[in-house]
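One structure is given below, encoded as structure tokens.
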Number of protein chains: 2
Amino acid sequence: MTANSYVHGYSAGEAKRLGDQARTLTDLLHHDTRYPAGCRVLEAGCGTGAQTVILAKNSPNAEIVSIDISPESVRRAEERAKAEGIKNVKFQAADLFSLPFAPGSFDHVFVCFVLEHLPDPGRALCTLRTLVKPGGTITVIEGDHGSAYFHPDSTAARRAIRCLVDLQKEAGGNALIGRELYPLLVSAGFSAVQVSPRMVYVDASRPALVEGFTKQTFTAMVAGVRDEAIKKGMMTPAEWERGIEDLYRTCGPDGVFCYTFFKAVGTV
Amino acid sequence: MTANSYVHGYSAGEAKRLGDQARTLTDLLHHDTRYPAGCRVLEAGCGTGAQTVILAKNSPNAEIVSIDISPESVRRAEERAKAEGIKNVKFQAADLFSLPFAPGSFDHVFVCFVLEHLPDPGRALCTLRTLVKPGGTITVIEGDHGSAYFHPDSTAARRAIRCLVDLQKEAGGNALIGRELYPLLVSAGFSAVQVSPRMVYVDASRPALVEGFTKQTFTAMVAGVRDEAIKKGMMTPAEWERGIEDLYRTCGPDGVFCYTFFKAVGTV
């Protein structure tokens, strides 16, 4: 992955989106990841640090090393961690495929929302496995845009989501990778692989999720590829606006929105 | 709903399929439904009793009345309950829309895999609501075939599932009803409606679910509409066989299958 292939872009709006997402989904995705005192953890692909701050707070006595290929993202992650008073993370700009660490340097590896952007996630997992001590673990969290469905159903909304999936594929990624975590980790040589789905179910009785997930996370993410999708002739502007409108429509008093993240843990 | 519109048919194989399904999914769907001693519960649409026996065992001191529109199904449900030694259920053949019970006759109503087959599930819910005493509850469990996705992905498999959805729609039902339970119950006048999704995640590390759910429940159910789908020209026989083969393919060592049931509870 090269820095400029990141399909969601690097805007301030995108950083806010990731921050909102991180807060709303913190418990669902992170509550069961706690590393013991003194162990060394590599966070591979920290981006602007949205997950890093959660990881660091949940394991305050672990020593975390967070890397990302984008020096600009690393700089912002460092700022964010500082602002949150986090002291147990060292940041470093580095390429996942040529990391400056000796084999077995870490007790555990943590990878969140990264594999979906890589042309060869299997190779990334094999590389990361060499860095983990025997008995250590890898934890991987990814979404799956094919797990999104909603009421009222809408062809235009489904087509808009499909644009994001196709654009991410053109950029070398896979927005449907969540469902594949089990075979990916097994193929990469991890053992005792356990995958648990984390479904986000949103209806009008859960207003924080309507706002924080359906609107500000998922629909905002789809809306973010508008110009590219239209420029490439994937949808007309009118079709696109209809699709986004229909996604917002699922936030109404009778609307429902479903999405599933997948969390996998494997052992070395 | 008329008896002969039941899209899954009434064969012995279908009865076995429902029995297998009930056993595999018992905990996931039923563990949190326990009715107190002495209360009266109506099970509306008991079919051949696959859910009835679970319901009755989980609430051994509740008085359950189980009805179904098909006298033949009621007879078989009665046999099944007798074979399982169940004594707290009375069976009765009756139409959901003209039930022989006075308003407020029941403390609770339980409806499982029934609304998906009704042309007007909203009217059914309104009718059932009148039978519940103030403070009583309705519990509804339904699947949603649009929640099925898998690895490896397959256009033919998705088309075969779509045939089942379309055939069920032609018969007046809605195989995508799971996601709609919240607005349906709210519209029918229930309050404090709470929906919880029950996702079935299946990979090779969960062989009982590979066998009991992906193969014997979901794929068997899709395979059951083969002749009708082909007769109506929805798919060619070759396309159909490919679709079913691809669903079985998700049972391989690197396969994954996902499906979500929805359980809703509302108060009168």
How far apart are the A:HIS31 label points across copies, placing each 7 Å from Cα toward Cβ, in nm, shortest first? 1.4
Treating the Cα atoms of the stretch B:112-268 as identical point scatterers in vacuum, please give the log10 of the normalised Debye intensity I(q)/I(0) at q = 0.13 Å⁻¹, two decimals. -0.66
Calculate, in whole percent, how much of the Cα-Cα pair population of the protein assembly as shown lies beyond 31 Å. 51 percent
Approximate shape of chain A as ellipsoid semi-axes (Cα gyration tensor, √5λ), whole Å, largest first: 31, 19, 18
Before anything else, pin down the relative contact order of chain A: Cα pairs under 8 Å, at least 6 apart, normalised by residue count, whole percent. 22 percent
Estimated distance in nm for a label pair at A:THR130 and A:SER196, the labels positioned 7 Å out from Cα along Cα-to-Cβ: 3.2 nm
Scaled by the rule-of-thumb 2.2 N^0.38 Å, the alpha carbon Rg for the stretch A:83-182 gives a ratio of 1.35
Scoring the stretch B:131-268 by relative contact order with C-alpha pairs under 8 Å, at least six apart, yields a percentage of 51 percent
If I build a Gaussian network model for chain B, linking alpha-carbon pairs within less than 10 angstrom, which residue out of B:PRO183, B:PRO121, B:PRO71 has the largest mean-square fluctuation? B:PRO183
If you rotate chain B onto chain A, the residue of B with its Cβ nearest that axis, and the gap in whole angstrom, comes out as B:MET199, 3
How far apart, in nm, are the 7 Å Cα→Cβ label points at A:ARG249 and A:ARG34? 4.5 nm
Size descriptor, Kirkwood hydrodynamic radius, that averages inverse alpha-carbon separations across the stretch A:125-206, Å: 15.2 Å
Roughly how many Å² is the accessible area per residue of the protein assembly as shown, as a whole number, for a 1.4 Å probe? 40 Å²
Kirkwood Rh and Cα Rg combined as Rg over Rh, evaluated for the stretch B:157-243: 1.07
For chain A, with all protein chains present and a 1.4 Å probe, just round the carbon and sulfur fraction of the accessible area to a whole percent. 54 percent
Helix B:237-249: angle to the longest alpha-carbon principal axis of chain B, degrees 0 to 90, nearest 10? 70 degrees
Going from most exposed to least, what order do A:HIS117, B:HIS151 have by accessible area with a 1.4 Å probe? B:HIS151, A:HIS117
Any idea of the total accessible area buried by the B-A contact, 1.4 Å probe, rounded to 100 Å²? 2200 Å²
Quick one: if the Förster radius is 25 Å, what FRET efficiency do B:ASP120 and A:SER205 give, using the C-beta to C-beta distance and rounding to 0.05? 0.55
The correct ranking of B:ASP27, A:ASP32 by accessible area at 1.4 Å, largest first, is B:ASP27, A:ASP32
Ratio of the Cα radius of gyration of the stretch B:72-141 to 2.2 N^0.38 Å, where N counts its residues: 1.20
How would you classify the stretch A:15-148 from its alpha-carbon gyration tensor, with a ≥ b ≥ c the square roots of the eigenvalues: rounded for a/c under 1.5, else prolate if a/b is greater than b/c, otherwise oblate? rounded
Nearest 10 degrees, 0 to 90: what angle lies between the long axis of helix A:12-30 and the longest principal axis of chain A (Cα atoms)? 70 degrees
For B:ALA238, place a label point 7 Å out from Cα along the Cα→Cβ vector, do the same in each other copy, and report the separations in nm, one decimal, smallest first. 4.0
On C-alpha positions alone, give me the angle between the axis of helix A:155-170 and the longest principal axis of chain A, in degrees, nearest 10. 40 degrees
D (µm²/s, integer) via Stokes-Einstein for the stretch B:193-268, Kirkwood Rh across alpha-carbon pairs, 20 °C, 1.002 mPa s: value 152 µm²/s
To the nearest 0.05, what FRET efficiency results for A:ALA102 and A:THR236 with a Förster distance of 51 Å applied to their C-beta separation? 0.40
Under 18 Å from the Cα of A:LYS82 - lysines, other chains or at least 8 residues apart: A:LYS16, A:LYS57, A:LYS90
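The values are calculated or read from the model by the stated rules, or taken from the named source; none is laboratory data. Predicted, not measured: the structure shown is a model, and the values here were computed from it. Reconstructed Cβ throughout: ideal geometry from the backbone, glycine too, with neighbour counts over all protein chains shown. Accessible surface is based on the protein model in full, side chains and every heavy atom, while ligands, DNA and RNA are left aside. Shrake-Rupley method; radii C 1.70, N 1.55, O 1.52, S 1.80 Å.
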